[in-house]
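Values quoted throughout were computed directly from the atomic coordinates according to the rules given, and no laboratory measurement underlies them. As the structure is a computational prediction, the values presented were derived from the model and not from experiment. So basically every Cβ, Gly included, is an ideal-geometry build from the backbone, and we count neighbours across all protein chains shown.
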Amino acid sequence: MDSPSQSPDSGLVPSSALTSTDLTTANNTTDLAPASETPDPEQKKTKRIIRKKRRPARPQVDPSSLKHEPPPQTGTIFNIWFNKWSGGDREDKYLSKTAAPGRCNIAKDSGYTRADKVAGSYFCLFFAKGLCPRGQECEYLHRLPGLFDTFNPNVDCFGRDKHSDYRDDMGGVGSFMRQNRTLYVGRIHVTDDIEEVVARHFAEWGQVDRIRCLTARGVAFVTYTNEANSQFAKEAMAHQSLDHSEILNVRWATVDPNPMAQKREARKIEEQAAEAVRRALPEEFVREIEGRDPDAKRRKRIEAGFGLEGYEAPDQVWYARSRELEGGGGQTTLEGGGEIPY
């Protein structure tokens, strides 16, 4: 049987007649994977920042569970001004302490309140003790004090007035005569890891500067970086317990007689004062003063020459120039070490 005619019009082309170009074209048309596209260099990558919404402060206790009962009768005369009985038998007030009814949990209890909308608000004392029933409706702050929370020296972070001297038992609000960042913690259960236990419990209330423990006596001295954190920790850890069932005795620490400790405390106060001044000044001015701005150095070196090569004006000339700029119309000059108007 004769093979059909392979004319150009019939569209039949023998397989041997396919060229390499045709094979390449056929392979390209049957490829299932799409060709990779080159990324657009003008297309910028945007980084998505997820900001967590602040949560409201939760009530720490049920308001219905709070009962205002008069103190138990321990004497014969009730003093309405001090809200206590007097004239009874004296007892050791440290041995008769009872455990605190609540404890603050910063991770769960902190949140925003009405006080966050008011600048200069104080912190909630009942929140520090774990007994605030108002939650987000509270008029005080429900969070830890920070570095930028500064108050008048005659009040503490809770808004209570300080006194000129400490109490005999070193308790209470404290004194405004000196800045005290150290707490005395007594009646600690004596263990080998007492320093680790104290550091773990007291680090919840702020940045701890140093801890000194007297293991044999069950006493520790905790120093915070910020005074407001020490005030908060004193109220938060009063009558609390650590890893055992002890009842802590937290008071203000007296002045350390060690000269090295006194120098360290003075240096820390100076650093905090310098940091407060640094925050109050503009950032450009701070960089120029500290010498961290190279442009300011170059500009001052050029201005100090007053157009004279190799000349650098002394401090007296800069002082006279600043007086001239501040005075406006008054002009003064330096001649022979004194100021002579002209």
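Protection proxy ranking for 162-168, 255-261, 99-105, using the average of other Cβ atoms within 10 Å per residue and placing the highest first: 99-105, 162-168, 255-261.
Local charge for ALA57 was computed over the other residues whose Cβ lies under 12 Å away, with Lys and Arg +1 and Asp and Glu -1, and equals +3. Within the shell defined by Cβ-Cβ distances under 11 Å, the residues around ASP243 carry a net charge of -2, with Lys and Arg each +1 and Asp and Glu each -1. Each residue, ARG200 and TYR311, gets one label point 7 Å from its Cα in the Cβ direction; the gap between the two is 7.1 nm. Separation of the alpha carbons by more than 24 angstrom is noted, of LYS97/LYS234; LYS234/LYS268; LYS84/LYS162; LYS117/LYS162; LYS67/LYS162; LYS108/LYS162, for LYS117/LYS162; LYS67/LYS162; LYS108/LYS162. Considering only MET237, THR254, ILE194, the residue lying farthest towards the positive end of the dipole of the range 173-259 is THR254, judged by Cα position with unit charges set on Cβ.
Packing, as the average of other Cβ atoms within 10 Å across residues, places the peptides 110-118, 230-238 in the order 230-238, 110-118, highest first.
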